[in-house]
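Encoded as structure tokens, the structure appears first; notes follow it.
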There are 2 protein chains.
Amino acid sequence: MSAAGCKRCFALKVAYDGTHFHGFQKQPGLRTVQGVLEACLASLTRGACSVQGAGRTDAGVHAKGQVVSFCCGDWPIPVDRVVPALNGALPEDIAVLAAAEVPPGFHPRYDAVRKVYRYTIFRRAVRCPLARLYALHFPGPLDVARLAEAMDLLVGKHDFRAFQNTGRPVESAVRTLFTCRVQEDGDFLHLWFAADGFLYQMVRIIVGTLLEIGRGRLAPAVIGEALKSGERRLLGPTAPPHGLCLEEVHYRQELFTGSGEERCL
Amino acid sequence: MSAAGCKRCFALKVAYDGTHFHGFQKQPGLRTVQGVLEACLASLTRGACSVQGAGRTDAGVHAKGQVVSFCCGDWPIPVDRVVPALNGALPEDIAVLAAAEVPPGFHPRYDAVRKVYRYTIFRRAVRCPLARLYALHFPGPLDVARLAEAMDLLVGKHDFRAFQNTGRPVESAVRTLFTCRVQEDGDFLHLWFAADGFLYQMVRIIVGTLLEIGRGRLAPAVIGEALKSGERRLLGPTAPPHGLCLEEVHYRQELFTGSGEERCL
């Protein structure tokens with residue numbers, strides 16, 4: 001949708017199971033979140049709609065609170081009918097939890113002030129088929145105190161260039177990590193990350209490194225060394241995507257207040 | 001495996017995600033839990049193994065504590081290696097949580113004294129993609145006190161012939177329901193059922209009826225009327241399978257004590 005033809009713009013809060021998506025970003029011939037949303041909107045609004053997302057989640061990464069926006073030429077629909085209209089047309093593994101009308105200049109990624117990701121680890125010795133799609137199975141011993149010590153070193157404003165994969169170079173790799181904490185819940189370990197923005201695969205590289213630290217193969221101090229030197233090779237492998245979930249995206253003003261915002265789990 | 005060729009018999013505690021299985025029971029050309037286990041065991045033991053299950057779960061029904069047994073002619077394996085050997089060979093959506101050697105006469109269904117099923121309902125207005133495989137989405141209002149009242153009427157020893165589907169006639173439909181209770185947990189409602197045995201689709205018919213009662217379309221008293229008359233038509237529809245999970249099967253003696261029994265969720 002060109003700016004000239006744009007009459008109404010919407011923001012949506014979206015949840016999806018990333019298992020059967022090739023990530024968020026549109027790719028020719030592949031099933032992606034952006035592609036499925038755009039096809040659905042094109043059919044409902046009878047016009048092309050370009051969808052932008054707050055986080056470009058990788059293949060296999062889930063979302064409970066992704067925020068996307070789109071503009072359309074003319075869609076004479078009351079805003080409180082957008083959620084049921086979309087959910088009636090979307091496939092089972094993606095749902096819209098809230099919708100709000102926004103100014104045409106709104107951009108879900110550039111305007112976001114805080115994003116929250118969670119990485120879930122299942123710690124029992126034997127894998128669990130009912131947890132396999134949403135948690136990394138990690139059967140070995142893990143020193144949680146050591147893991148928490150390393151997480152503390154990540155909090156703050158840093159140049160995170162060591163913590164990114166090379167696929168998407170950015171001008172500046174300086175980000176502020178507001179929260180980096182671990183939460184134990186029975187057989188599960190939840191690693192929470194909140195920042196003003198994340199680099200490409202940053203959370204998965206942090207988690208892969210934390211696991212190497214937690215099992216004693218790396219020292220917590222590698223965090224400081226990597227932040228200083230920018231050397232990716234000091235860190236652990238990139239953790240698998242299926243344990244990761246985009247939980248929330250925050251803006252200066254609440255987007256969905258009063259719009260009957262829904263939660264998912 | 002004929003009784004004559006049977007040298008060793010094992011019981012296994014098994015968990016599976018029922019989504020991609022056509023139920024437990026072997027059927028030609030279809031992927032079933034029994035079929036996958038038998039194929040895996042035939043390959044590991046280099047001989048045919050017939051697998052019996054404690055509960056013949058329908059297509060889409062999950063299990064965290066299914067118990068199966070099998071006998072084999074000769075499999076020179078220490079019993080504590082059975083779990084890793086099987087898990088190394090089984091697909092991702094099924095796992096063995098414990099193994100024990102049992103006498104050849106053991107039958108996981110006939111010897112069971114108590115089976116526990118749980119049915120999970122997700123109550124929010126909008127469906128959640130991350131809960132869709134393991135919980136029934138029920139967005140409408142539901143009177144939980146009324147539901148609990150109806151559940152109380154089911155507890156005890158009754159002729160449950162009204163609560164079965166016609167596919168598998170049984171000689172006696174008398175079963176003892178030890179527990180029938182509802183548990184509220186945030187947006188989820190868990191319905192728990194423990195009995196000495198269940199008829200074909202009995203839990204799903206109970207749940208379908210309870211939902212009709214909870215939404216006010218049927219009176220709790222239909223439970224008593226159906227138990228008395230045996231009339232299936234008095235009851236609600238059969239609830240969908242994916243909310244159901246076989247949680248535990250109990251025997252007179254603990255099968256897996258000391259064998260490092262694992263849990264799944």
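The values are calculated or read from the model by the stated rules, or taken from the named source; none is laboratory data. It should be emphasised that the depicted structure is a prediction, and the values quoted were computed from it without experimental measurement. FYI the Cβ positions are ideal-geometry reconstructions off the backbone, even for glycines, and counts take in every protein chain you see. In case anyone asks, the SASA skips ligands and DNA or RNA and just uses the protein heavy atoms, side chains included. Shrake-Rupley method; radii C 1.70, N 1.55, O 1.52, S 1.80 Å.
At A:D80 and B:N165, where each label point lies 7 Å from the Cα along Cα→Cβ, what is the point-to-point distance in nanometres?
4.0 nm
Can you work out the Karplus-derived ³J(HN,Hα) for every residue in region A:118-129? Use 6.51 cos²θ - 1.76 cosθ + 1.60 with θ = phi - 60°, whole Hz, and x for glycine or proline.
Values, residue by residue: 10, 10, 10, 10, 9, 9, 5, 5, 9, 5, 10, x Hz.
A:A221 label points, 7 Å along Cα→Cβ, one per copy: pairwise distances from this copy to the rest in nm, shortest first?
In ascending order, 7.9 nm.
Starting from the amide H of B:K26, placed 1.01 Å from N in the peptide plane, find each other amide H under 5 Å away whose residue is 5 or more places distant or on another chain.
B:Q34, B:G35
Could you tell me the accessible area of B:I223 in Å² (1.4 Å probe, neighbours in place), rounded to the nearest ten?
Rounded to the nearest 10, that gives 0 Å².
Taking H placed 1.01 Å from N in the peptide plane, check which residues at least 5 places from A:E262 or on another chain put their amide H under 5 Å from its amide H.
A:A98
For label points placed 7 Å from Cα toward Cβ, what is the shortest-first list of nm distances from A:E101 to its copies?
In nanometres, ordered from closest: 7.5.
For region B:127-145, which residues drop by 30 square angstrom or more in accessible area between the chain on its own and all protein chains together (1.4 Å probe)?
Hits at the 30 Å² cut-off: B:R127, B:C128, B:P129, B:L130, B:R132, B:Y134.
Can you pull out the trypsin sites (Lys or Arg not before Pro) in region A:161-265 that DSSP calls coil and that have at most 11 other Cβ atoms within 10 Å?
A:R217, A:R252
Smallest Cβ-to-axis distance in chain B, for the rotation taking B to A: which residue, how many Å?
Axis relating chain B to chain A; nearest Cβ residue and distance: B:L133, 4.
Give me the lysines in straight-line cross-link reach of B:K228: C-alpha distance below 20 Å, same-chain residues under 8 apart excluded.
B:K157
What size of dipole, in debye to the nearest 20, comes out for region A:8-111 about its Cα centre when the only charges are +1 on Lys and Arg C-beta atoms and -1 on Asp and Glu C-beta atoms?
120 debye
Accessible area of A:Y117, 1.4 Å probe, to the nearest 10 Å²?
Counting only protein heavy atoms, A:Y117 exposes about 20 Å² to solvent.
Considering only DSSP beta bridges where both residues belong to the protein assembly as shown, give the percentage that are antiparallel (nearest 5).
Antiparallel bridges: around 90 percent, rounded to the nearest 5.
What is the distance in Å between the Cα centres of region A:229-265 and region B:143-174?
When both Cα centres are located, 45 Å separates them.
Can you give the accessible area buried between chains B and A, summed over both chains, with a 1.4 Å probe, in Å² to the nearest 100?
Interface area, both chains combined: 2800 Å², rounded to the nearest 100.
Would you work out which of A:C72, A:A98, B:I206 lies farthest towards the positive end of the dipole of the protein assembly as shown, given +1 charges on the beta-carbon of Lys and Arg and -1 on that of Asp and Glu, about the Cα centre?
Result: A:C72.
Using the basic label-point model (7 angstrom from Cα toward the beta carbon), what is the B:A221 to A:S43 distance in nanometres?
Spacing of the two 7 Å Cα→Cβ label points: 4.8 nm.
If all Cα-Cα distances of chain B are sorted into 5 Å bins from 0 onward, what percent lands in each bin, rounded to whole numbers?
Each 5 Å bin holds this share of Cα pairs: 1, 6, 12, 17, 17, 15, 12, 9, 6, 3, 1, 0.
Project the alpha carbons of the protein assembly as shown onto their principal axes and report the range along each, largest first, in whole Å.
Its Cα atoms span 74, 56, 40 Å along the three principal axes.
Could you tell me which of A:T179, B:A63, A:L30 has its Cα farthest along the dipole of the protein assembly as shown towards the positive end, charges placed at Cβ (Lys, Arg +1; Asp, Glu -1), taken about the Cα centre?
Working it through, the farthest residue towards the positive pole turns out to be A:L30.
Ordered by residue, what ³J(HN,Hα) values in Hz, to whole numbers, does region B:139-154 give under the Karplus form 6.51 cos²θ - 1.76 cosθ + 1.60, where θ = phi - 60° and Gly and Pro are x?
x, x, x, 9, 8, 5, 5, 5, 4, 5, 4, 5, 5, 4, 5, 7
Kindly work out what percent of the DSSP beta bridges joining two residues of chain B are antiparallel, to the nearest 5.
90 percent
Give, rounded to the nearest 20 debye, the magnitude of the charge dipole that chain A has about its Cα centre when Lys and Arg contribute +1 at Cβ and Asp and Glu contribute -1 at Cβ.
500 debye
What residues does region B:93-126 have that are buried by at least 40 Å² of accessible area in the full protein assembly compared to the chain on its own, 1.4 angstrom probe?
B:R124, B:V126
About the Cα centre of region B:127-262, what is the dipole size in debye to 20, counting +1 per Lys and Arg Cβ and -1 per Asp and Glu Cβ, all else neutral?
Here region B:127-262 has a charge dipole of around 640 debye.
When ligands, DNA and RNA are left out and all protein chains stay put, how many square angstrom of accessible area per residue does chain B have with a 1.4 Å probe?
That works out to 43 Å² for each residue.
If ligands, DNA and RNA are left out, what is the accessible area of A:M202 with a 1.4 Å probe, given in Å² to the nearest 10?
0 Å²
What residues have an amide H closer than 5 Å to that of A:H137, excluding those fewer than 5 places away on the same chain, when H is modeled at 1.01 Å from N in the peptide plane?
Correct list: A:F122.
Tell me which cysteines of the protein assembly as shown come out unpaired when the rule is another cysteine's Cβ under 4.7 Å.
A:C40, A:C49, A:C72, A:C180, A:C245, B:C40, B:C49, B:C72, B:C180, B:C245 - these cysteines have no disulfide-compatible partner (Cβ-Cβ under 4.7 Å) in the protein assembly as shown.
With a 1.4 Å probe and all protein chains left in place, how much of the accessible area of the protein assembly as shown comes from carbon and sulfur atoms, in whole percent?
So the carbon and sulfur contribution to the accessible surface is 51 percent.
DSSP beta bridges in region A:114-247, what fraction antiparallel, as a percent rounded to 5?
90 percent
Can you pull out the chymotrypsin sites (Phe, Trp or Tyr not before Pro) in region A:52-110 that DSSP calls coil and that have at most 11 other Cβ atoms within 10 Å?
A:Y110
Residue by residue through region A:249-257, which ³J(HN,Hα) values in whole Hz follow from phi under the Karplus form 6.51 cos²θ - 1.76 cosθ + 1.60 (θ = phi - 60°), with glycine and proline marked x?
Those phi angles translate into 10, 10, 10, 4, 10, 4, 6, 10, 3 Hz.
One decimal, nm, shortest first: give the distances between the label point of A:L30 and those of the same position in the other copies, each label point 7 Å from Cα along Cα→Cβ.
In ascending order, 3.5 nm.
Restricting attention to region A:133-220, which GluC sites (Glu not before Pro) occupy a DSSP loop and are surrounded by at most 10 other Cβ atoms within 10 Å?
Passing both the DSSP loop test and the Cβ count: A:E171.
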